[in-house]
Every structure is written in structure tokens, then in C-alpha cells.
Amino acid sequence: HRPNMEFYRYTDYKDLTQEEKDYASKIVGFSMLNLVDPILFGKTNYKVSENLKMNASLGYALAPFGGFIDQNIYLLLNQKIKLHTYIREFHNKDHWFYGAGVNLVNYFLNDRKILVNGGVDFYTQPKNLSFTTSESLLGYGGNLNVGYRLENVFKDEKAFYLNLGATYKKEGFIPQYSGLDENVQIDFGFSIGL
């Protein structure tokens, strides 16, 4: 709200302008959406048909230019394909911008020897990630991560995977991506699967 104000770490509520207090109240209201989640109340899925289970949730979080609301849908198809889809509304001070995406989660191939995760994201966001502009930029991103199961080093059913992945995204903010600029990232690591 005051980009030219001198920075100091702690601001008391009494120091805020009325406009800033109104914006803070809006954020508090949006954060209540995080309680619209059946998983919080022990309901992990709803059976739609013999081959389809689903769940849904709402959520709110902050972004570098304001915040965003997520509408999430989780699908389990044929007890094998797990999909997370979402619609996202980003906001800055006065304007809204939109996004959507889909993710494949823990898909197993070759008798659980290969583990695949991946997804795509599409979004519009304020130009230069500005808190005040109505101008938008179009962005997209994608990721793919493949794990190869190593010999089981545990006595139970857990498996140890060697993972290799690649991520690309245009300029902009996507939650859990490591940067705001356009970038390509290669990931290498290990994971434990159930």
C-alpha cells in the first residue's frame, strides 16, 4: 500500500491506514476458506462410482503480489490413477487473475518399479508481479519426475526410489516452484514410497 515507506520489521495494527486495515480484514476472511476441507474432518474421499473416488477442498494463501484462492479436486480412477486438478484465482490489491492446472500423483509402472509424477500449470498474473496493476501476463509451467525403484532396503512394504525430474516455468509465481523468473530446473534425489 505504501511502496515508498521506509522499511522496518514490525508494524503495529494502530500504525496501519484504514485502507490497509480493510485489506488485512479481507485476507483474514479469505483464510477461512482453508477450513473448507473434508480431510480436516476425517473424510478422505467420496465414492462416485465403482471406478471413481473424489474429494475437493478450498484454500487460500499469500503470493508475492497479493494472494490466491484454490479450488482443488482430487480424483482416484480405477484405484490406480491419482489426479489433482485445480482452478486458481490470484489477486493483487484490486484486480483478479486466473489459473488452472492438473497433476498426476504417484503413478506406478512396470509392477511398481517406476514411479511417475508430473503436471502442468497455466496462469495469468499481474505484470511484473505488481501489487497495483491491472495489466496481466500469461504464463505456464510443467514438471515431470520419474523414480526408479531400488532394491528394498526396508523390512516392511516401503520402497526406495532414485528420482530424476525436470521443471520448466515462464515468469510468474506458482506455489512450490523455486523462483519467480522463467527457469528450467533439473532435480535429482531419493524418495521413499509406500
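Given the options S178, S134, name the one that is outside any strand (DSSP E or B) and at pLDDT 95 or above. Lay out the reasoning, then the answer.
Details: S178 fails: at pLDDT 95 or above.
Every option except S134 fails the conditions.
For the range 115-127, does any single residue satisfy the condition of being small (G, A, S), over 16 Å from P64 (Cα atoms) and touching a residue at least 40 places away in the same chain (Cβ under 8 Å)? Can you show your working first?
Pass one, the range 115-127, residues small (G, A, S): 118-119.
From what's left, over 16 Å from P64 (Cα atoms): 118-119.
Applying the additional criterion that residues be touching a residue at least 40 places away in the same chain (Cβ under 8 Å) yields none.
Checked the range 115-127: no residue is small (G, A, S), over 16 Å from P64 (Cα atoms) and touching a residue at least 40 places away in the same chain (Cβ under 8 Å).
Out of everything in the range 163-175 that is open to solvent by less than 60 Å² (accessible area, probe 1.4 Å) and either in contact with a Ser or Thr (Cβ under 7 Å, 6 or more places away or on another chain) or not in a loop (DSSP other than H, G, I, E, B) (or both), what residue ends up being farthest from T124 (Cα to Cα)?
Top of the filtered list is N163.
Any residue in the range 18-35 that is open to solvent by 50 Å² or more (accessible area, probe 1.4 Å) and either farther than 30 Å from K127 by Cα or in contact with a helix residue (DSSP H, G or I) (Cβ under 7 Å, 6 or more places away or on another chain) (or both)? Don't jump to the end; show me each part of the working.
As a first pass, look at the range 18-35 and keep what is open to solvent by 50 Å² or more (accessible area, probe 1.4 Å): 18-19, 22, 25-26, 28, 32, 34-35.
Then drop every residue that is not either farther than 30 Å from K127 by Cα or in contact with a helix residue (DSSP H, G or I) (Cβ under 7 Å, 6 or more places away or on another chain) (or both), which leaves 35.
There is at least one residue in the range 18-35 that is open to solvent by 50 Å² or more (accessible area, probe 1.4 Å) and either farther than 30 Å from K127 by Cα or in contact with a helix residue (DSSP H, G or I) (Cβ under 7 Å, 6 or more places away or on another chain) (or both).
Restricting the range 46-68 to residues that are small (G, A, S), free of Cβ contacts under 8 Å to residues at least 40 places away in the same chain and open to solvent by less than 20 Å² (accessible area, probe 1.4 Å), which is nearest to N78 (Cα to Cα)?
Kept after step one, since they are small (G, A, S), are these residues of the range 46-68: 49, 56-57, 59, 61, 63, 66-67.
Subsequent filtering for residues that are free of Cβ contacts under 8 Å to residues at least 40 places away in the same chain retains 49, 56-57, 59.
After this cut, where a residue has to be open to solvent by less than 20 Å² (accessible area, probe 1.4 Å) as well, the list is 57, 59.
Working: S57: 21, G59: 27 Å.
Across the range 46-68, the extreme among qualifying residues is S57.
Scanning for something open to solvent by less than 40 Å² (accessible area, probe 1.4 Å) and either over 22 Å from G101 (Cβ atoms) or free of Cβ contacts under 8 Å to residues at least 24 places away in the same chain (or both), does the range 143-159 turn up at least one residue?
Yes, the conditions are met somewhere in the range 143-159.
Please list, ordered by residue number, the strands (runs of 3 or more DSSP E) wholly in the range 1-114 having 1 or more residues that are under 16 Å from the mean Cα position of the chain (by Cα) and modelled with pLDDT of 95 or more. Step through it out loud before you land on a result.
Numbers: elements: 46-49, 52-63, 66-77, 81-91, 96-109.
Fully inside the range 1-114 and qualifying: 52-63, 66-77, 81-91, 96-109.
Taking Q79 as the residue in question, decide whether it is open to solvent by 40 Å² or more (accessible area, probe 1.4 Å) and more than 30 Å from D111 (Cβ to Cβ). First the steps, then the outcome.
Working: open to solvent by 40 Å² or more (accessible area, probe 1.4 Å): yes; more than 30 Å from D111 (Cβ to Cβ): no.
No: the conditions fail for Q79.
Taking the condition surrounded by 16 or more Cβ atoms within 10 Å (Cβ to Cβ) and farther than 17 Å from W96 by Cβ, does G118 pass? Before the answer, list the steps.
On the way: surrounded by 16 or more Cβ atoms within 10 Å (Cβ to Cβ): yes; farther than 17 Å from W96 by Cβ: yes.
Yes; evaluated as a whole, the condition is true for this residue.
The values are calculated or read from the model by the stated rules, or taken from the named source; none is laboratory data. None of these values were measured; they are calculated from a predicted model. We place every Cβ from the backbone using ideal geometry, glycine too, and count neighbours over all the protein chains shown. Accessible surface areas use protein heavy atoms only, side chains included; no ligands, DNA or RNA. Shrake-Rupley method; radii C 1.70, N 1.55, O 1.52, S 1.80 Å.
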